[in-house]
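Beneath this line is the structure, given in structure tokens, with notes to follow.
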Amino acid sequence: MIHHVQVSCPPGSEDAQRAFYTGVLGWSELTKPPLLAERGGCWFRVPGRGGPDGELHVGVETDFRPAAKAHPAFVVDVDVDATAEAVAAAGHPVRWADPAEIPGRRRFFTVDGVGNRLEFLAH
């Protein structure tokens, strides 16, 4: 079990990340410990499917460049199509993966509030 995954964001973009992870995906924001909160960024609870929840940490990088290839992949707790619809309705791109790549696993790619690549998979 992975406890958390971290992605990056540029300074001052935490609200864009909150709008995506909380506003679009419905994940709750976690309170960062005080010493870490001073560095900026934000943390979110990733709902677990039949197991413990995970966390997504967003850290601030001064020389930020969005991750275009490397990405976390999240198994969605609801219908993956509903997640894709919510992402698209919020103006984020949805690119469905070729079903032949991983047979039996419906999945799509998108980007978060600052352009980091993300993958979402059906359970």
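Results, tabulated for the structure shown:
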| item | result |
| --- | --- |
| Selection within region 96-114 - within 22 Å of V58 (Cβ to Cβ), open to solvent by 30 Å² or more (accessible area, probe 1.4 Å) and free of Cβ contacts under 8 Å to residues at least 60 places away in the same chain | V111 |
| Tally, over region 9-20, of residues that are closer than 22 Å to T83 by Cα and open to solvent by less than 70 Å² (accessible area, probe 1.4 Å) | 5 |
| In region 57-77, residue farthest from P10 (Cα to Cα) [restricted to those that are among the hydrophobic types (A, V, I, L, M, F, W, C) and touching a Ser or Thr at 6+ places or on another chain (Cβ under 6 Å)] | V76 |
| Hits in region 40-54 - residues which are open to solvent by less than 80 Å² (accessible area, probe 1.4 Å), in a strand (DSSP E or B) and at pLDDT 95 or above | C42, W43, F44 |
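The rows are residues; the columns are (1) open to solvent by less than 70 Å² (accessible area, probe 1.4 Å); (2) without any contact (Cβ under 8 Å) to a residue 24 or more places away in the chain; (3) more than 19 Å from I2 (Cβ to Cβ).
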position: T22; (1), (2), (3): yes, yes, yes
position: P33; (1), (2), (3): yes, yes, yes
position: E38; (1), (2), (3): no, yes, yes
position: H57; (1), (2), (3): yes, no, no
position: E61; (1), (2), (3): no, no, yes
position: F64; (1), (2), (3): yes, no, yes
position: F74; (1), (2), (3): yes, no, no
position: E85; (1), (2), (3): no, yes, yes
position: P93; (1), (2), (3): no, yes, yes
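The values are calculated or read from the model by the stated rules, or taken from the named source; none is laboratory data. Note that this is a predicted model, so its numbers are computed, not measured. Note that each Cβ is placed from the backbone with ideal geometry, even for glycine, and that neighbours are counted across all protein chains shown. Please note that ligands, DNA and RNA were not included when accessible areas were found on the heavy atoms of the full protein model with its side chains. Shrake-Rupley method; radii C 1.70, N 1.55, O 1.52, S 1.80 Å.
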